[in-house]
Each structure stands twice: as C-alpha cells, then as structure tokens.
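Just below is one structure, and these are the notes that go with it.
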Amino acid sequence: MRHIISILIENEAGALSRVAGLFSARGYNIESLTVAPTDDVTLSRMTLVTRGSDDVIEQIVKQLNKLIDVVKLTDLADVVHVERELMLIKVQTEPSSRAEIKRMADIFRGKVIDVTSNSYMIEMTGSSEKLDAFVAAISTHNIIEIVRTGATGLPRGAGSLIPG
Amino acid sequence: MELSGGQIVVQCLKDEGVELLFGYPGGAVLHLYDAIFQQDDVQHILVRHEQAATHAADAYARATGKPGVVLVTSGPGATNAVTGIATAYMDSIPLVVISGQVPSAVIGSDAFQEVDMVGITRPCVKHNFLVKNVADIAETMKKAFHVATTGRPGPVVVDIPKDITDPNVKVPYVYPETVNMRSYEPPREGDQRQVQKAVDLLLSAKRPMIYSGGGVVLGEASDELRAFSRQLGYPVTSTLMGLGAFPATDSQFIGMLGMHGTYESNMGMHESDVIIAIGARFDDRVTGKLTEFCPYAKIIHIDIDPASIAKTVKVDVPIVGEVGIVLKQLSAEINASSSRIDTEALAAWWDQIKEWQSVNCLEYDRESALIKPQYAVEQLYKVTAGNAFITSDVGQHQMYAAQFYPFDEPRRWINSGGLGTMGFGLPAAIGVKLAHPDADVACITGEASIQMCIQELSTAQQYQTPVKIINLNNRYMGMVRQWQEFSYQGRYSHSYLEALPDFVKLAEAYGHVGMRIEKPEDVTPALEEAFAMKDRTVFLDIITDQKENVYPMIEAGKGHHDMRLRVAPGTPIDRELA
Ligand SMILES: Cc1ncc(C[n+]2csc(CCOP(=O)(O)OP(=O)(O)O)c2C)c(N)n1
Ligand SMILES: [Mg+2]
C-alpha cells in the first residue's frame, strides 16, 4: 500500500543522505521525497512516499525513528489528512487542439502559465491521483515534458508535529 | 579557560573519564597528537594498524562496559578504521571514533588524504558528526559519548577537520553537564500492560524457553536475568553474544542455540510453546530457516530497540525497554500474579530436555592421537579455572571456544558475532588486558585469522600486555573447509593455507615466547607453563586435527530440529570416522 510519511528532522548537513541511505541500504523503495525548511529554521520537513506491505512499512517507520536526527514522524495513511502535489506539464498544441487542452486544464483547475505558438505549460496542484488522472486525460496529445514535486501533506485538525 | 580545538578534544576525553585512547597519528591529527603529548591523564595506545585500534577499543568496551575511544587520521587512517567500526556496530558496542579530516577550506576538493568519512561510515555507525566550528567541539563530544553509550549502544564517529584543532585558535571551554537532544530519547520502562500479558503467557507455559542474548550483557542485566530465570526454573539458552550472562555451569543452562548450538537448545526451541527472547534479535545464525522457526511457540520479545522487534520474526508480546528494568518488572509481576507455574508440565519438559541432553551432542573423539581443538579449549578452561577473559577470531575455533569454555560471568567472552571479523582476536585481547591487567586473557584463534592483525604482536610488546594466544592451527580456514566438505563435495577451493610462517619464530621476533604443541599430552603442560609466565605474551601454536568439524550444525536453509550431528543419537561415540 502507498504511504506518505511526514518527517521532522534536525536541519543538519547530511540529514537527507541519512534518510536516502537508509532506504537504499535496506532495499525500501522511495516513490518521491520532498525536503524543505520549516518555519523553525532548526528543523526540516521531509515528505516521503513509499509502498510496501504492512510489515515493511512498520520497519520503515521504526528505522526512520531510530535515526538520531529524526525528531518526529507520522504516517499520514494512519490519519485523516490532506495531500497535495504540484505538477508542471508542457503539452504540444495544434491550432485545433488548443481550446480542448485549455478546457481540460480548467476542468482540473489547472492554470496555463506559459504559452508559445505550439505549446502550453500548465500548472496544477492536487492529490497525486488527480494529477495522474489529468495526465491520462490529455495523453492523446503530445506531452513534451512533466515535472512533479512529489506528494506532500498534513494531517487535518489543529495539531502539529513540531514539538513545544 | 581558553583552549585550542586540539586541547579541547583531549580535555573532553578527560572530562568523560576516558583513560585509554587507541590510535595512530597522521597529518590531519597532528595538532591533536601535540595536545596529547602535553598531558598524561589520557593514555594513548599506539597500535600498528587502525583496524586494531578500533578492535582494541571495542574489546575494552566489551570487557568493561565503558565506551572505547579511538583516534585516527584522515583518508587511509579513517578507512582502515571502518572494519572495526562496522564490527562494533553489528554487536552494538559503544565506541567513539575521532577521525581527522582535511582542512575545512579544502573539503570536497579531493585533497591529499581526503575521504568522506561521514559518508563512508553512515551505514555502520549509530550516528556521526562533522565538526564545523571550534566552539562546537565540546558539545559534539558530549553528544557523541551520550549517543554511543545510551539506548542500544553503538559506535559514533566524530570527524574533525584539521583547522578546527589549530593551536592558534582558542575559545572558552566548558564541558556540558547534560545533553539536550529533542530527537533522541531511549526507552526505559516497559509498558506495564505488555508486561502483564507476558507474565500471563509465561505462567501458562508447558514447554517454556528463556532465550537470552547480547542485550543482557550490554544492558548490565545479568543479575536480573539470573533472578528472573531462577524464579521460574525454566530452561535457559543463550546466543553467542549472550554467553556468560547466565552462568553456563548452572544446571538450568542448556547451552548456546543456533547454527552451532546444542541439540537440546535447538530442539527445545523447536518444541517450545512459550519463548521469551531477552535482548536478542533473532539473527539468522540463531533462527535458521525462518518459516520453520519455533512453529509451536508464542513469543515474548524484550528489546531496547523497537526496530529489532518484528524485524525477522513476528512476536506475540513485544516489550520495548531497558532489559534490566523490564526483567525487574516481570519478576515483580510474577510475584504478584495469582497464577502459578505448571510444575507438572515443567517437570515433564525438563525430562524431555534431559533426554535430548543425553545425546551428548558436543562429544568428540577423546582417544585421537591428534590434538582435537575441543580438547585444547577444555584444557584451557581447566588451566585458567574458567576465569579467563577469552577473545576470539572467526571460524571453527570461535565455535569451539563458545562450546567448550563455559562462561559463568558476563563480559568474559569477547568475539565478533555480528560481522564475524577475522583479525579481531589479538587486538581485542590487548584491549582487554589493558582494561584488566591482573586477569588472565587468552585469544583463541586460527592460523588464518591471526595473520589478519598479527602486527599487533608489536603493540603487545610495547605496552607489555601479557596475553596468551591459543592458535588452533589446522592449516585450513577450517570453517570454510567445513562448508566446502558439506556443501561442495570436498572441493577445497583456496581454503588451505600454504606457506604458513613459523609462528614460534614470529612470536620470538616480536620479543614474545613461542611454543609449538603437537601431541595431546603436551597441551596441558604447555598451557600451564604459558599461564605461569605472568609477564610474557605467549604464542601457543597448537597443531590440531585438520579434519575436525564443528558439530552440531544447522545447515543453511534448515530448521532447528534438522541438525547435523557428529553421530546419530544413540550411536556410541567411538564409531566416529576420522
Ligand atoms: C575478514 C574476514 N574475511 C573472510 C572471512 C570468512 N571466513 C570465516 S571463517 C574463515 C576461516 C578462518 O580460518 P582460521 O582463522 O584458520 O579458523 P578455523 O576455522 O580454521 O578455526 C573465513 C575465511 C571472515 N569471517 N572475515
Ligand atoms: Mg584454521
């Protein structure tokens, strides 16, 4: 099953390599990984999407917790949460297809953010599933390039992972 | 107090109460060595290879419970230390390794003797640090010792660029009294509800087993284990790493389990209905084939490391906590419980175990005209009255040591169990002897293993660490030969040791005493003579039976009940073919 693991980690050099190294050393797969500072400069937030059986996920969570720099983590699959991913997608356009592509982007609440005579760049956010659906929906057109940030997310409600 | 970085490192060691530092100098640590030169509180032990520094410090830690400390230079000094760091990591040994690094300004430029030590060691340390400011040294050192020694212990590397130890840059020094790490808080007490469940299960058992591991030794919980086991009267088995935590000569102890464990322990595990694993991690050398592991048992697992739980074997009652504390909780709960041990079932279980014991799975040919390695270890036990600290290398001799030298106390048996590092034994013996100068220390080794760190005979001479080297010389990488005999139809590919040195002369060349022993009747007198030489390192080159194998054995892919025995149960021992 797919899990989104949200990790608060000390903002130290090498923190990312500890997490990435753990996954490669133990043969866990990483579907996506995002890292960025938080409002507390001493902490980074990583959001990691992985897949595995319950046993594997249990080990992943335990092994991550065992890393000395990891302050806290949650498996978003265990809680009600919001998930978002950003995608930029460049599509080749023909005079005949431009309107349809634009309409399709509108339906998915995407924005056209760059235009040339024969291409659009569309910006879209949403759950990874929604982005997949959009890609599938316009796959009859020629997709030039896609970049995705990987999923990130937060549990719903007023709580926070950040200590104190 | 204003100190330079080099002075601060040394001062931190003093403030940590470090007595011994095992190391080897080089360019990146010259400032540090200069600071060491100007004090006498911390004694520096100069090894002959950085691997040996880590093994000696590691064994010092194993024998004392205090952290071992190592100092190496950048580049090759650092990489040479890696095998020893990995060895300590696999056995959860507290080690602080200080490595020099090239100056901050040239990091990343492929400078002379630059390696990314933090990167190289990341997968084999509990944690590591790169120190970026002189002002950070003290806090980093404090954290390094704290992380290495608490929770599940392990090695910690502190990588220090040369400019950080510059004698001309001085900063105020205070050694922090406490550590504040919001991201690191090792567990202590076990969850009381889990303890309750465990006790219910334990008291309902008909065929119980206590499976104790290295965590009991590391957690200083030998007394608690003894009290708990005696309270229940259940059979006790131990992993290779846990030997000595429960007295091996006690009738409740039924021997080591696993690949070369006793018939009774492995059969006991296989038939058991309730197993309590205490500070043990279900290593593959213990479990054999996982799908056949303890098919009838409910399992209770105590471990300080949550990641050890359910890693390879699913358990019914996990308890995360410090082993000593949890054992006390269990003992108290057993006393408070209204349930009682099923004494009838227990008596029947012990009868069954005694029947398995009557197979005499460790028996060997005592009439042989050749020296049997088992015999040599038995005699060593007698001559040292069972009180020696025994280090070992890796191979058949290691298993003979574990099988034939019953340890009654923890921290006496010092071997590389997890990584299985040949070369460990001799530097380890030196480390132990430095920790316990008045104790008998013997290194049980093989002619292949001993050559991997043989240069440390020189260190033994310099620091006058009179250890006894028991070289069980079978002219083979015996353990490799055994596997080739069993699984490769005797195709002994590169396991025979041609061109062996004359170990007697070699020992003498280093200034030690060398002895060659070729007949069974000479073994005991030679050992007595060697141990009578209190102030000499003695190398006993004992020429043993080349063909001897370690039994019992659970071969790869087999379960506990499927052991290869020397002779089938019931067959008299003298029918053994040579
Ligand atoms: C550094 C290292 N290299 C290789 C091995 C694989 N290995 C395990 S036991 C063994 C043979 C050891 O021979 P010896 O020291 O003579 O001991 P014996 O088995 O003969 O008692 C080898 C090569 C190892 N454990 N460690
Ligand atoms: Mg050998």
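The values are calculated or read from the model by the stated rules, or taken from the named source; none is laboratory data. The shown structure was predicted, so the numbers you read here are calculated from the model rather than taken from an experiment. Neighbour counts run over all protein chains shown; Cβ positions are idealised from the backbone, glycine included. Accessible surface is based on the protein model in full, side chains and every heavy atom, while ligands, DNA and RNA are left aside. Shrake-Rupley method; radii C 1.70, N 1.55, O 1.52, S 1.80 Å.
Listed by position, the helices (runs of 4 or more DSSP H) contained in region B:25-136 that have at least 1 residues being away from chain A (no Cβ under 14 Å) are B:30-37, B:50-64, B:76-90. Entry remark, region A:108-140: residues being assigned to a loop (DSSP other than H, G, I, E, B) and not polar (S, T, N, Q) number 4 in total.
Filtering region B:296-312 to residues that are more than 14 Å from chain A (Cβ to nearest Cβ) and buried (at least 21 other Cβ atoms within 10 Å of the Cβ) leaves B:Ala297, B:Ile299, B:Ile300, B:Ile302. Here B:Ala435 does not fit the description of being among the aliphatic types (A, V, I, L, M), away from ligand 1 (no atom under 12 Å from the Cβ) and open to solvent by less than 10 Å² (accessible area, probe 1.4 Å). Determine, yes or no, whether A:Ile60 is within 27 Å of A:Ala13 (Cα to Cα), of a type outside the set (Phe, Trp, Tyr) and open to solvent by less than 20 Å² (accessible area, probe 1.4 Å). So A:Ile60 fits the description; yes. What are the residues in region A:66-124 that are farther than 30 Å from B:Phe129 by Cα, buried (at least 16 other Cβ atoms within 10 Å of the Cβ) and acidic (Asp, Glu), if any? Matches in region A:66-124: A:Glu83, A:Glu85. May I ask you to verify whether B:Gly490 is near ligand 2 (Cβ under 10 Å from one of its atoms) and within 22 Å of B:Ala556 (Cβ to Cβ)? Here the answer is no, as B:Gly490 does not meet what is asked. One residue stands out in region B:176-218 among those that are within 14 Å of chain A (Cβ to nearest Cβ), over 21 Å from B:Asp91 (Cα atoms) and out of contact with any Pro (no Cβ under 7 Å at 6 or more places or on another chain): the one that is surrounded by the most Cβ atoms within 10 Å (Cβ to Cβ), namely B:Ser183. Residues of region B:183-203 that are modelled with pLDDT of 95 or more and touching a strand residue (DSSP E or B) at 6+ places or on another chain (Cβ under 8 Å): B:Pro187, B:Gly190, B:Asp191, B:Gln194, B:Val195, B:Lys197, B:Ala198, B:Leu201, B:Leu202.
For region B:446-471, residues that are within 13 Å of ligand 2 (Cβ to nearest atom) and open to solvent by 40 Å² or more (accessible area, probe 1.4 Å) total 2.
Only one of the listed residues (B:Asn474, B:Asn415) is open to solvent by 10 Å² or more (accessible area, probe 1.4 Å) and within 16 Å of ligand 2 (Cβ to nearest atom). That residue is B:Asn474. Out of the residues in region B:342-386 meeting the condition of being charged (D, E, K, R) and assigned to a loop (DSSP other than H, G, I, E, B), tell me which one is farthest from B:Arg207 (Cα to Cα). Going through the qualifying residues, I end up with B:Glu367. When B:Ser229, B:Ser212 are screened for being among the hydroxyl-bearing types (Ser, Thr, Tyr), touching a Gly at 6+ places or on another chain (Cβ under 7 Å) and modelled with pLDDT of 95 or more, only B:Ser212 passes.
Give me the pairs, please: first residue somewhere in region B:434-460 and hydroxyl-bearing (Ser, Thr, Tyr), second residue anywhere and away from ligand 2 (no atom under 15 Å from the Cβ), beta-carbon distance under 6 Å, and either six or more positions apart or on two chains. If the second residue must be away from ligand 2 (no atom under 15 Å from the Cβ), the pairs left are B:Ser458/B:Arg48; B:Ser458/B:Tyr510; B:Thr459/B:Val47; B:Thr459/B:Arg48; B:Thr459/B:Ile430. Name every residue in region B:388-427 that is farther than 19 Å from B:Tyr263 by Cα, near ligand 1 (Cβ under 9 Å from one of its atoms) and among the polar types (S, T, N, Q), in order of residue number. Of everything in region B:388-427, those that are farther than 19 Å from B:Tyr263 by Cα, near ligand 1 (Cβ under 9 Å from one of its atoms) and among the polar types (S, T, N, Q) turn out to be B:Ser416, B:Thr421.
Table: residues versus (1) small (Gly, Ala, Ser); (2) in contact with a His (Cβ under 9 Å, 6 or more places away or on another chain); (3) more than 16 Å from ligand 1 (Cβ to nearest atom).
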site	(1), (2), (3)
B:Asn474	no, yes, no
B:Arg481	no, no, no
B:Gln484	no, no, no
B:Glu498	no, no, no
B:Glu521	no, no, yes
